[in-house]
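Here the structure is laid out as structure tokens; the discussion comes afterwards.
The values are calculated or read from the model by the stated rules, or taken from the named source; none is laboratory data. What you are looking at is a predicted structure, and each value in this text was computed from that prediction instead of being measured. Methodologically, a virtual Cβ is constructed for each residue, glycine included, from the backbone with ideal geometry; neighbour enumeration extends over all protein chains shown.
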Amino acid sequence: MRDLTLRSLRIFDAAASTSSFSRAAEMLGMTQSAVSQQIRALEDEVKVKLFDTQARPIRLTDAGRELLRHARLVLSQVNVAMDSLNSLDGQFRGQLQIGAVSPANYFLPAIIAAFRKEYPEMGAKINLGQRDDLLAMLSAHQLDLVISGYPSSETDVQAEVFARHPHCLVASIDHPMASRRNIEWAELRDEPFIAREADSGTRRFLEHLLQVQGLQVNLNLELEGNEAVKQAVMAGLGISFLSAHVFQLELQMGKLAVLDVIGLPKWLDWCVLTRREAEEPAARRALQDFILAEGARIAECRVTAEGP
């Protein structure tokens, strides 16, 4: 297989990851025709069809899925080798691919900035998404590590805790409950709720808490994303359940209130999730160790206007 080169495998991986030759071309800085030509040449070399191009979007054939599994292992090992070569002088070069659930985006850039003070030649790209999608990308060697909560027990990843993750009920500053203490959950029954989209981790966490309380609430509004929910809360459209990382600036500026509901805030753990590998890339390990050492300090946040 004379033409089964690293370049052809990278092009194949990009096309498989995006389910599109045109998007793969954009990702790689190539033309679509060049990507298509490379894929045809690769199919000629391995003597099987790798993509069903009649489907929309295009999808891998069985042979394509099998080759992709091996291609990603090969590319991962090449990355480990390059990582080792680039770190021989104690410095790191290149770019790490980091996956994160959306609340982490409120502190993760600060962690990366602090890390780069020690390793200024090390870059990073943050990919935001739902936890299950990010774990699939991690398994496929498309991400180096993921910042999220604990994965399910059947997920084959290494999870290391580095910080606490508080969640609170919030309301506009002039809400009647904003100045009250020890609010009972039952008092929230008739309050209009603003919820995140159904597949978000925050929404699922809220639904779990309501089920534990045996409480059915008035779901007044469903919005996608933390920023939209915050704006609706501040506009007085209802109360909501949010990660405390999301509203630090608004709390500091007195634009929303954390409700003093009995049993809240609820705390989860922030974890660094990585693949179980015999040989860890040195740059990833350096970032992982930095997060474990400094992440709790950098990610610390308030759950009341007065303090943590």
What's the number of the only condition in (1) more than 32 Å from the chain's Cα centre (by Cα); (2) charged (D, E, K, R); (3) outside any helix (DSSP H, G or I) that ARG56 fails to meet? (1)
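Restricting to the stretch 132-158, count the residues that are outside any loop (DSSP other than H, G, I, E, B) and under 14 Å from the mean Cα position of the chain (by Cα).
Summing the residues that are outside any loop (DSSP other than H, G, I, E, B) and under 14 Å from the mean Cα position of the chain (by Cα) in the stretch 132-158 gives 12.
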Contacts under 8 angstrom Cβ, first residue in the stretch 278-291 being farther than 14 Å from TYR119 by Cα and of a type in the set (D, E, K, R), partner at pLDDT 80 or above and buried (at least 16 other Cβ atoms within 10 Å of the Cβ), 6 or more apart: GLU280/THR274
Flag for ARG302 being within 16 Å of VAL146 (Cα to Cα), basic (Lys, Arg) and touching a residue at least 24 places away in the same chain (Cβ under 8 Å): no
Does the stretch 197-207 contain at least one residue that is over 27 Å from LEU135 (Cβ atoms) and out of contact with any Leu (no Cβ under 6 Å at 6 or more places or on another chain)? no
The listed residue being at pLDDT 95 or above, of a type in the set (A, V, I, L, M), on the phi < 0 side of the Ramachandran plot and not assigned by TED's automatic domain parsing to the domain that holds ALA232, out of ALA282, ALA293, ALA257, ALA286: ALA293
When the residues of the stretch 53-75 are narrowed to those that are more than 14 Å from ALA14 (Cα to Cα) and among the small types (Gly, Ala, Ser), which ends up modelled with the lowest pLDDT? ALA55
Pick from the stretch 287-308, criterion surrounded by 18 or more Cβ atoms within 10 Å (Cβ to Cβ) and small (Gly, Ala, Ser), ranking: nearest to VAL74 (Cα to Cα): GLY295
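Residue-by-condition table, conditions (1) of a type in the set (Gly, Ala, Ser); (2) under 25 Å from the mean Cα position of the chain (by Cα); (3) more than 20 Å from ASP260 (Cβ to Cβ); (4) not in a loop (DSSP other than H, G, I, E, B):
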residue	(1), (2), (3), (4)
PHE162	no, yes, yes, yes
VAL170	no, yes, no, yes
ALA186	yes, no, no, yes
PHE193	no, no, no, yes
GLN211	no, no, yes, yes
LEU215	no, no, no, no
LYS230	no, yes, no, yes
SER240	yes, yes, no, yes
Condition first: over 20 Å from VAL78 (Cβ atoms) and of a type in the set (S, T, N, Q). Now tell me which residues in the stretch 1-57 satisfy that. THR18, SER19, SER20, SER22, THR31, GLN32, SER33, SER36, GLN37, THR53, GLN54
Criterion violated by LEU28 - all others in (1) in contact with a strand residue (DSSP E or B) (Cβ under 6 Å, 6 or more places away or on another chain); (2) without any contact (Cβ under 8 Å) to a residue 24 or more places away in the chain satisfied: (1)
Restricting attention to the stretch 260-274, does a residue exist that is of a type in the set (Lys, Arg), assigned to a loop (DSSP other than H, G, I, E, B) and either surrounded by fewer than 17 Cβ atoms within 10 Å (Cβ to Cβ) or under 24 Å from the mean Cα position of the chain (by Cα) (or both)? no
Out of (1) under 17 Å from GLU294 (Cβ atoms); (2) under 14 Å from the mean Cα position of the chain (by Cα); (3) buried (at least 21 other Cβ atoms within 10 Å of the Cβ); (4) not polar (S, T, N, Q), what's the single condition that is false for PRO109? (3)
